[in-house]
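Notes to accompany the following structure.
Derivation of every value follows stated rules applied to the coordinates shown; laboratory data play no part. Predicted, not measured: the structure shown is a model, and the values here were computed from it. Glycine also receives a Cβ, built like all others from the backbone with ideal geometry; neighbour counts cover every protein chain displayed.
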Amino acid sequence: MRATNYDQVLPVKRVLATAIGLAIASLTLPALADESLKLDSVTVKGEQEGDYKTESVSSPKYTAPLLDTPQTVTVVPQKIIAEQQALSLRQVLSNVSGITFTAGEGGGGSGDSINIRGFSANANMQIDGLRDSAQTNRTDTFNIESVEVIKGPNSVFGGSGTTGGSINQVTKAPRLRDFTQIGASIGTDSYRRLTLDSNQTLDGLGTDSAFRLNLMTHENDVAGRDEIDRKRWGIAPSLALGLSEDTRLTLSYFHQTDDILPDYGVPAIDGKKVAGVDRESYFGWKNLDKDDIKTDSFTIKLEHTFNDSLSLQNLTRYSQIDRNTVISASHVNTTGVPAGNYLPAGPQAYGRDVNSKMLINQTNLRADFDTFGLQHSLSTGVEISREDYDRLTYNHGLGTALYPTDGYSLGNPPGYWNGAVNKTMSADTSTRLDNQAVYVFDTIALNSDWDLSLGLRYDWIEGDYKNTALPAGTLTKLDTRDEELSGRIGLIYKPVDNGRIYVAYGTSFNPSAEYLATTGSGVSDATSGLDPEKNKTWELGTKWELLDRRLELDAAIFRVEKTNARETMADGSTQLAGKQRVEGIEVGLTGHVTERWDVFANYTVLSSETLEAADTAAGIAREGQALANTPPRSFNLWTSYQLPAGWSLGYGARYVSERNVSSSSNAKLDSYWLHNAMVGYKVNDNVDLQLNLNNLFDEDYVERVRQTPGTDARSSAIEYGDGRSAILSATYSF
């Protein structure tokens with residue numbers, strides 16, 4: 001596979017500036033600033049306006065508004081993303097309690113590694129309701145309208161996986177009004193950013209046609225990690241064509257190029273950095289390590305309305321990610337060298353050249369009708385996908401024989417490799433994952449006080465794995481086949497117009513092939529013949545709209561159980577012998593407290609435990625231990641207030657309590673509080689200024705952890721969250 005030379009990419013800033021100029025010249029200046037558009041049941045009034053409170057999610061699989069959905073669903077809207085200048089998916093999800101992040105594994109590559117309610121959601125990412133499983137860093141939200149977090153086992157909605165929940169990113173789509181927004185930002189740590197979001201209605205071309213263009217170029221160092229730098233640019237055009245009053249075709253393309261120096265944090269034991277290590281130190285090799293990512297996707301959406309109660313939607317997407325990564329794990333060996341020194345441990349200058357491709361089609365039929373006096377809101381559909389994953393792994397020949405006898409200083413790692421390099425290919429891996437599914441959802445109004453919510457999905461999954469060890473050429477071929485029925489049922493009671501009480505039960509499953517097209521792993525001689533892991537959840541909750549429906553209060557108690565987790569036995573075999581449980585409470589408050597005061601807050605209590613586990617050959621007992629990286633308490637708040645004379649203030653807080661580093665030890669990560677602030681000023685109808693101050697008190701906090709305690713012979717690693725930073729943004733709208 002040929003690596004992309006990102007140093008030869010066109011001068012992106014010049015291209016972006018030219019595109020902005022052309023867009024401005026082509027648009028009609030009088031913007032319809034006071035109009036709003038009903039889009040996916042969410043009223044949007046421009047990028048800086050809108051609401052914290054969301055009425056419904058974007059997927060047609062959800063047959064009722066959020067108030068009448070018997071499940072915990074948290075939507076981070078565009079208004080919060082803009083007020084926080086939240087650029088990555090990880091930053092957006094930091095608004096949702098009960099979510100934690102895991103550090104990149106040395107040999108497995110890095111990407112967005114996310115836990116929901118204690119269970120991994122790495123293979124449960126979606127974009128506009130379509131699976132997006134590639135392991136990559138989702139670094140920018142320039143084309144994202146909102147992010148939806150659906151909590152609890154729900155394979156009925158998302159297919160395999162979804163033990164703790166799933167995440168859906170909703171992209172920006174053409175609208176029926178003209179507007180253009182040009183954004184520019186500067187900040188500490190060499191922060192520079194330029195964006196364009198332009199929408200143009202196409203009068204005379206079909207019915208209600210429109211074109212939208214989003215552009216972005218960005219670069220910054222990382223606050224508190226001065227050695228790390230990030231560069232990227234992206235373009236996302238979309239065209240909506242009204243073929244008739246009842247038929248609409250939307251064509252969307254997305255491209256993003258990332259040039260990142262990968263950061264695997266600092267060496268740690270038991271969740272604490274090794275003595276003598278500075279949090280800013282870089283333990284990789286800047287002249288060898290890299291993370292070059294090129295993402296492309298093309299989406300076709302066809303919608304047809306037969307009448308007021310029957311509609312059809314078809315979605316097709318082809319996506320491809322080319323990612324060439326060289327990483328050096330920040331694991332150290334402090335034995336056999338002078339005090340204060342180390343030898344590198346774990347993979348060093350380990351390369352992975354990956355190409356991921358996906359073709360997916362989803363057809364949804366939505367119908368509202370009555371039978372025997374009962375009202376139905378029904379959605380049924382078919383989903384077909386194929387994912388191909390090709391990976392060439394290589395190394396640069398670094399090893400103990402090339403390191404100094406006394407090692408390197410923990411307080412001053414070299415950062416550059418000056419020794420010999422011998423690039424050698426080590427393995428060629430190819431996987432294929434095919435998935436076909438049929439599903440049906442129905443919300444039945446039993447009477448004015450009671451609704452019944454039902455969902456069923458049947459999946460057929462086939463996976464193939466082929467690995468050729470190099471240079472010997474030893475070939476390993478495996479395949480896996482699974483069929484599984486998933487279900488969900490909920491009963492909703494409506495004591496008053498603005499209040500709901502519900503109880504729900506749902507299931508999900510994790511096949512061995514779950515990560516086959518995500519990381520190329522999971523299928524082996526020991527696992528290919530195993531049945532899927534099974535998960536179930538109970539949830540009892542209530543939802544209330546307060547203050548004339550401006551403010552929503554949600555609360556739920558829940559239990560999630562994995563009844564047959566895969567366990568490695570003492571003889572090296574794998575059996576479905578484990579059992580894990582997470583139970584807890586969630587509370588959320590979202591919306592307008594007053595006309596000027598908005599709040600978005602949530603609090604989660606989690607009690608996790610490994611109920612049954614096999615003692616491994618090393619004799620590590622996990623029964624009774626809490627799950628790794630699963631905090632018993634977490635809290636998130638973002639609130640803003642509109643002052644007179646065009647001023648606005650925002651404040652955010654995030655709390656994460658102590659949590660286990662791993663599920664096999666008592667080592668704890670420290671708790672932390674994080675504080676952010678925002679000041680906005682509307683200069684006039686066209687110009688807005690905004691100052692964001694992040695991590696106000698420069699808290700040293702561990703945001704991501706490798707879930708192993710580590711030893712003196714080979715440490716583990718922790719990744720700190722960003723240090724204090726300031727960003728000044730200006731937006732020109734017309």
At what distance in nm do the modelled label points of Ala570 and Trp647 sit from each other, each positioned 7 Å from its Cα along Cα→Cβ? 7.0 nm
Two-site label geometry, Asp308 and Phe369: point separation in nm, points 7 Å out along Cα→Cβ: 1.8 nm
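Output the relative contact order of the chain, whole-number percent, from Cα pairs under 8 angstrom with separation of 6+ residues. Please list the in-between numbers first.
Details: 2154 pairs, mean separation 94.1, N = 734.
Worked out over the chain, it gives 13 percent.
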Residue by residue through the stretch 164-179, which ³J(HN,Hα) values in whole Hz follow from phi under the Karplus form 6.51 cos²θ - 1.76 cosθ + 1.60 (θ = phi - 60°), with glycine and proline marked x? x, x, 9, 10, 10, 9, 9, 7, 6, 10, x, 10, 9, 8, 8, 7
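If you take the beta carbon distance between His675 and Ile186 as r and set R0 to 22 Å, what does 1/(1 + (r/R0)^6) give as a FRET efficiency, to the nearest 0.05?
On the way: r = 22 Å, r/R0 = 1.01.
So, using R0 = 22 Å, E works out to roughly 0.50.
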If packing is taken as the average number of other Cβ atoms within 10 Å across a peptide's residues, how do 634-646, 179-191 rank, most packed first? 179-191, 634-646
Highest-first arrangement of 316-326, 128-138, where packing means the average Cβ count within 10 Å: 128-138, 316-326
Determine the distance separating the Cα centre of the stretch 301-336 from the Cα centre of the stretch 535-575; give it in Å without decimals. 24 Å
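Sort out the exposed loop GluC sites (Glu not before Pro) in the chain (DSSP loop, at most 12 other Cβ within 10 Å) and tell me the longest stretch that has none.
On the way: sites that count: Glu245, Glu595.
In the chain, the maximal stretch lacking such sites is 246-594.
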Find the centroid of the Cα atoms in the stretch 499-524 and in the stretch 392-423, then give the distance between the two in whole Å. 40 Å
So Trp597 and Ser524, fully extended at 0.36 nm per residue minus their Cα-Cα distance, gain in nm 20.8 nm
Proximal charge balance of Tyr505 [Cβ under 13 Å; K/R count +1, D/E count -1]: +1
When the expected Rg is taken as 2.2 N^0.38 Å, what fraction or multiple of it is the alpha-carbon Rg of the stretch 90-194? 1.23
Between the stretch 216-263 and the stretch 677-720, the Cα center-to-center distance that results, in Å: 21 Å
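Please give the calculated 222 nm ellipticity per residue for the chain, where each DSSP H segment of at least 4 residues contributes -39500 (n - 2.57) and the sum is spread over every residue; nearest 500 deg cm²/dmol? Working shown, then result.
On the way: 4 runs with 31 residues, N = 734.
When only DSSP H runs of four or more count, the value is -1000 deg cm²/dmol.
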Simple label model, 7 Å out from Cα along Cβ direction - Ser657 to Ala730, nm: 4.7 nm
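Could you work out how much longer the chain between Asp296 and Glu219 gets when fully extended? Use 0.36 nm per residue separation minus the Cα distance between them, nm to one decimal.
Details: separation 77, 0.36 × 77 = 27.72 nm, distance 2.01 nm.
Stretched fully, the Asp296-Glu219 segment lengthens by 25.7 nm.
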Defining a contact as two alpha carbons under 8 Å apart and six or more residues distant in sequence, what relative contact order in percent does the stretch 609-734 show? 19 percent
In Hz, Karplus ³J(HN,Hα) per residue of the stretch 111-120 (6.51, -1.76, 1.60; θ = phi - 60°; x = Gly, Pro): x, 5, 10, 10, 10, 10, 6, x, 10, 5
Rounded to the nearest 0.05, what FRET efficiency do Val687 and Ile501 give with R0 = 45 Å and r taken as the Cβ-Cβ distance? Could you check? 0.45
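Gain in length, Asp278 to Ala713, computed as 0.36 nm per residue apart minus the alpha-carbon separation, to one decimal in nm?
Values: separation 435, 0.36 × 435 = 156.60 nm, distance 1.96 nm.
Working it through step by step, the gained length comes to 154.6 nm.
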Determine the relative contact order of the stretch 535-593: mean sequence separation of Cα pairs under 8 Å and six or more apart, normalised by residue count, in whole percent. 36 percent
Among (i) 48.3; (ii) 52.0; (iii) 30.8, only one was calculated for this model; which label is it, if the read-out is mean projected area of the Cα convex hull in nm²? (iii)
